[in-house]
1. In the neighborhood of residue 343, defined by Cβ-to-Cβ distances under 14 Å, what is the net charge if each Lys or Arg adds +1 and each Asp or Glu adds -1?
2. When the dipole is taken about the Cα centre of region 197-382, and only Lys, Arg (+1) and Asp, Glu (-1) are charged at their Cβ, what size is it in debye, to the nearest 20?
3. Between residue 304 and residue 274, what is the label-point separation in nm under the 7 Å Cα-to-beta-carbon projection?
4. List the equivalent ellipsoid semi-axes of region 1-179 in whole Å, largest first, each obtained as the square root of 5λ for an eigenvalue λ of the Cα gyration tensor.
5. Mind checking the full-extension length gain between residue 288 and residue 188? Use 0.36 nm per residue of separation minus the Cα-Cα distance, one decimal, nm.
6. On a 0 to 90° scale, report how tilted helix 74-83 is relative to the longest principal axis of the chain, with both axes built from alpha carbons and the result rounded to the nearest 10.
7. I'd like to know which of 215, 329, 340 lies farthest towards the positive end of the charge dipole of the chain, counting +1 on Cβ of Lys and Arg and -1 on Cβ of Asp and Glu.
8. Which angle from 0 to 90°, rounded to the nearest 10, does the C-alpha axis of helix 121-140 make with the longest principal axis of the chain?
Amino acid sequence: MTSILLDCLKLNFVIGKHGRETKQMFKTTKTKQVREWIDHISKLDYARAVSLLKKENAFLAGQEILKKYHDTAIWSIITKGAELLDSTTLPTARGPLDEFSMAEKVATRKFMEEVGYGTSPQNQRLWCNLWKNLFQMRKAGVHRILFYRTKEFDEYCKGYPRPSEISLLDMVLSWENTYGPQIELLEHRAAQWSQGDFTGQVYLEDPNVTQRLEVQHMLWNNAANDWLSSDEESAARLAGLNRDIPSQLWSPFDINTISENSANKSSFISLVPADDKRLMVCPIIPVRKGDFLGVFAGTIRFSDSFDLVHGIRGPAEKLWLDYSKVTGPLNQMRALQSGSDANVQLQWELINEEDETQSRLSWRVSVRALRVIVPFQEIVREQ
């Protein structure tokens with residue numbers, strides 16, 4: 001499921017740059033028209049050219065989703081082709097019996113030849129099985145997974161053992177029931193991130209969250225740990241707290257760094273109902289030791305007035321995090337007593353916030369994994 005969730009994030013990040021829309025786009029198979037179209041784009045002013053490219057990229061991402069999903073209709077096309085065949089002309093079946101009629105096998109080969117697939121006997125068997133499985137999955141109610149299916153998913157389906165105690169259809173249906181709602185939430189989150197909104201307030205659009213948590217949108221912000229005041233930030237700088245060389249850290253919302261092997265898992269943290277009253281913080285993809293799970297929301301303080309209830313001490317005297325007025329998804333973690341079975345820790349990190357005009361050192365209170373965490377395992381920290 002990890003590759004499917006990654007695909008969902010990347011495609012919806014691109015779509016979110018333009019927005020969801022149904023419209024005709026430029027399509028051609030003629031190279032002359034391709035060249036003319038690109039010449040046209042290159043002559044546009046900057047604003048119109050950027051707007052057009054964002055739109056085209058969004059539609060290309062949509063086309064990729066459409067291509068994955070329309071494969072679920074191929075088996076119905078093949079069975080219609082099988083009905084057109086003259087049964088008296090079909091070859092005699094050879095080899096062990098399977099679930100496919102000779103008419104379906106012949107129709108499959110004919111379809112593959114016409115569309116352009118390789119027609120070796122092994123390729124015919126693999127695709128025949130896959131197309132029938134995809135068709136059955138869609139008919140049974142699997143949709144979100146099929147929108148973002150990947151080569152890894154296809155290979156899993158092609159190699160699924162037969163017979164098996166649990167059928168492939170039942171297995172994928174169970175995944176759809178578990179991951180389908182999470183994929184839909186990830187679509188919304190990716191769209192918000194693509195617009196530069198990293199506050200995480202999109203979490204508050206989930207009814208499961210709002211039914212169990214009362215918080216104002218303006219108080220929900222896990223994008224970064226800002227200073228409470230410029231005066232305290234200046235006082236901390238004068239005290240020499242930022243003299244260390246900052247860690248080499250990338251933005252947790254840089255879509256180009258997100259991959260299965262990336263240490264950044266912040267995009268895949270979810271709030272799941274633990275019961276009728278409580279939310280559980282958990283990842284929806286596997287997490288490894290040291291992975292970055294996001295920012296623990298709060299404001300940075302440099303003050304003697306430490307809050308014993310809503311304060312987390314920093315690595316230097318008077319430096320602490322105040323989370324009394326700001327919260328976020330990772331702040332909903334349960335806190336266990338010291339020496340317990342916590343699987344994450346809060347880690348103060350000095351980061352370098354660069355833009356076109358200046359470089360500025362700042363603090364971030366990150367949540368880092370202490371050990372392997374499996375999907376939907378609750379994330380808990382030490383008190």
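Every number in this text was worked out from the coordinates using simple rules, so none of it is lab data. Keep in mind it's a predicted model, so treat the numbers as computed, not measured. Heads up, the Cβs are rebuilt from the backbone with ideal geometry, glycines too, and the neighbour counts pull from every protein chain shown.
1. On the way: positive: 265, 288, 289, 334, 368, 371, 381; negative: 291, 341, 378, 382.
Computed value for this residue: +3.
2. Working: 18 positive and 26 negative charges, 126 e Å.
Dipole size: approximately 600 debye.
3. Spacing of the two 7 Å Cα→Cβ label points: 3.8 nm.
4. Working: eigenvalues 283, 106, 29 Å².
So the equivalent ellipsoid measures 38, 23, 12 Å along its semi-axes.
5. Working: separation 100, 0.36 × 100 = 36.00 nm, distance 2.54 nm.
Stretched out fully, the residue 288 to residue 188 stretch lengthens by 33.5 nm.
6. Helix 74-83 sits at roughly 10 degrees to that axis.
7. 329
8. With rounding to tens, the tilt is 60 degrees.
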